[in-house]
Amino acid sequence: MASNKDRFFEPYDREEIAYGDTPSAPLAAYLRQICRTEASGDDGFSAAKNLFALDLGAGAGRDTIAMARAGFSVTAVDLSRRGCERIMQRATEQGVSENVKTQVANVCEFEIQPSSYDLICATTVLDHISESDSKRVWLAMLAGLKSGGALYVEVHSTEDPGSDQSPGLENKAPVSETADAVINYFPPNRLLGWATQPRADLRVLRYEERLEWDYTHGPEHLHGKAILLAVKSGTFPPWYGQPAAFPRR
């Protein structure tokens with residue numbers, strides 16, 4: 001039975017959970033590359049030790065589980081209690097429940113402890129809160145990174161047909177079933193601008209703005225996305241791109 005207080009209860013309660021179980025591609029590529037050692041398995045992951053990750057707006061856990069499988073101790077935060085339940089279900093099925101803890105909370109109210117995380121992930125959450133709140137949470141995320149830490153952020157852009165701004169406003173492509181939960185569509189280069197401000201203290205590894213078709217929940221629909229992968233300035237992980245352009249054989 002759906003909960004009136006949980007906007008995403010029904011999508012996360014489905015047998016085939018909304019948004020699927022495939023992690024965000026740039027994040028997955030980063031994890032494969034930074035965690036690869038001589039002892040790595042077929043998926044490229046070795047057991048990272050004493051590394052801590054934060055997944056804000058974790059949903060039903062597709063990125064949480066990827067980080068946990070890479071060896072990170074992950075705190076997954078989401079407003080949906082059903083989403084957090086499904087995260088722990090998936091973590092148990094994947095044998096990584098010891099690496100995952102969940103917290104049902106509004107990301108605007110969750111306290112990010114300074115210099116506490118080696119990796120912070122925020123996949124389509126800064127666009128689900130107001131612009132002023134997104135800026136405040138962004139600054140907290142930056143402060144929460146340890147020296148050498150990494151940041152992965154994905155937001156809906158004004159190219160999305162669900163946007164109330166151009167060019168998405170004029171796009172007649174199908175709109176997501178949960179588009180009404182997005183209230184803060186990012187205009188071109190906003191996310192990049194935030195990441196390249198001197199006070200951000202970041203080095204951008206990958207940034208792109210793109211359209212993408214989504215078949216992971218509800219009828220097929222189109223998204224406009226802005227996607228950022230960055231590390232703290234002065235950090236140089238073994239990053240070969242996504243897909244990896246010229247890795248060592």
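The values are calculated or read from the model by the stated rules, or taken from the named source; none is laboratory data. Computed from a predicted model, the values in this text were never measured in an experiment. Cβ coordinates were reconstructed from backbone atoms using ideal geometry, including for glycine residues, and neighbour counts include every protein chain displayed. SASA here: full protein model, heavy atoms, side chains in, ligands and nucleic acids out. Shrake-Rupley method; radii C 1.70, N 1.55, O 1.52, S 1.80 Å.
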- Could you list, in sequence order, the residues of the stretch 116-149 that are touching a helix residue (DSSP H, G or I) at 6+ places or on another chain (Cβ under 7 Å), outside any helix (DSSP H, G or I) and not β-branched (Val, Ile, Thr)? 116, 117, 119, 121, 122, 126, 128
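Can you name the residue in the stretch 88-110 that is of a type outside the set (Val, Ile, Thr) and touching a helix residue (DSSP H, G or I) at 6+ places or on another chain (Cβ under 8 Å) and, of all such residues, is least open to solvent (accessible area, probe 1.4 Å)? Reasoning before the result, please.
Let us first name the residues in the stretch 88-110 that are of a type outside the set (Val, Ile, Thr), namely 88-91, 93-95, 97-99, 101, 103, 105-106, 108-110.
Pick out the ones that are also touching a helix residue (DSSP H, G or I) at 6+ places or on another chain (Cβ under 8 Å) and you get 88, 90-91, 94, 97, 99, 103, 108.
On the way: 88: 56, 90: 29, 91: 0, 94: 100, 97: 47, 99: 45, 103: 84, 108: 26 Å².
Only one residue fits best here, namely 91.
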- Message: Looking at (1) at pLDDT below 95; (2) crowded, with 16+ Cβ neighbours inside 10 Å, which one does residue 152 not meet, given that it meets all the others?
- Response: (1)
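Among the residues of the stretch 163-178, how many are open to solvent by less than 30 Å² (accessible area, probe 1.4 Å), touching a Ser or Thr at 6+ places or on another chain (Cβ under 9 Å) and not polar (S, T, N, Q)? Don't jump to the end; show me each part of the working.
Initial filter on the stretch 163-178 (open to solvent by less than 30 Å² (accessible area, probe 1.4 Å)): 163, 168, 173, 176, 178.
Among the residues that remain, those that are also touching a Ser or Thr at 6+ places or on another chain (Cβ under 9 Å) are: 163, 168.
Checking which are not polar (S, T, N, Q) leaves us with 168.
The number of residues fulfilling the criteria is 1.
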- Subset of the stretch 160-189 [of a type in the set (D, E, K, R), part of a loop (DSSP other than H, G, I, E, B) and over 19 Å from the mean Cα position of the chain (by Cα)]: 164, 172, 177
- What pairs can you find where one residue is in the stretch 118-134 and in contact (Cβ under 8 Å) with a residue 40 or more places away in the chain, the other is open to solvent by less than 30 Å² (accessible area, probe 1.4 Å) and among the aromatic types (Phe, Trp, Tyr), and their Cβ atoms are less than 6 Å apart, with a gap of 6+ or different chains? 121/152
- Item | Matching residues, the stretch 214-249, being out of contact with any Pro (no Cβ under 9 Å at 6 or more places or on another chain), open to solvent by 40 Å² or more (accessible area, probe 1.4 Å) and within 24 Å of residue 59 (Cβ to Cβ) | 215, 216
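Quick one: would you say residue 144 is under 16 Å from the mean Cα position of the chain (by Cα) and crowded, with 16+ Cβ neighbours inside 10 Å?
On the way: under 16 Å from the mean Cα position of the chain (by Cα): yes; crowded, with 16+ Cβ neighbours inside 10 Å: yes.
Considered against the rule, which asks whether it is under 16 Å from the mean Cα position of the chain (by Cα) and crowded, with 16+ Cβ neighbours inside 10 Å, residue 144 comes out as yes.
Residue-wise test of (1) within 17 Å of the chain's Cα centre (by Cα); (2) of a type in the set (A, V, I, L, M); (3) closer than 29 Å to residue 184 by Cβ.
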| position | (1), (2), (3) |
| --- | --- |
| 212 | yes, no, yes |
| 216 | yes, no, yes |
| 222 | no, yes, yes |
| 226 | yes, yes, yes |
| 230 | yes, yes, yes |
| 240 | no, no, no |
| 243 | no, no, no |
| 246 | no, no, no |
| 249 | no, no, no |
